[in-house]
Amino acid sequence: MADGGRFDPDDTVAASSTLPLGTTARVTNLRNGQTAMVRVRDRIAGTNGRILNVSPKVAEVLGIRRGGVFPVTVAPLAVPQADGGVRLGAGTGLAGQRAYVTGRDRTTGRGGSGASQ
């Protein structure tokens with residue numbers, strides 16, 4: 001992963017095209033209202049409006065059973081700053097953006113492709 005750690009599909013992590021590494025955010029599935037907390041630990045290319053790719057564990061918490069692009073609200077709660085500080089709150093303007101969410105593999109019960117492998 002971009003932060004130097006190993007990817008664990010059972011961890012509550014995400015990869016983002018826009019949020020800095022180390023950001024903590026609340027992700028809410030707009031289809032069912034389920035919410036998960038994530039920490040951004042990896043990067044993705046931002047294509048077709050996708051800004052977030054979550055681990056299989058987060059997809060499960062959000063009630064997503066298959067991979068695909070799902071509408072979510074992304075509310076950054078703590079965003080690391082270049083000066084070493086942390087900005088609190090959802091002031092990044094990402095609320096309501098679509099996120100790429102990886103669902104669970106139905107045959108094994110494990111994650112398909114995760115945030116980064």
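Measuring how big segment 1-60 is from its alpha-carbon positions, Rg and Dmax come out at 11.1, 34 Å.
Residues Arg26, Arg6, arranged from fewest to most other Cβ atoms within 10 angstrom of their Cβ, appear as Arg6, Arg26.
Bear in mind these aren't lab numbers, they're just calculated from the coordinates by the rules spelled out. The structure presented is a predicted model; accordingly, all values stated were derived computationally and were not measured. Positions of Cβ are backbone-derived with ideal geometry, glycine not excepted, and every protein chain shown enters the neighbour counts.
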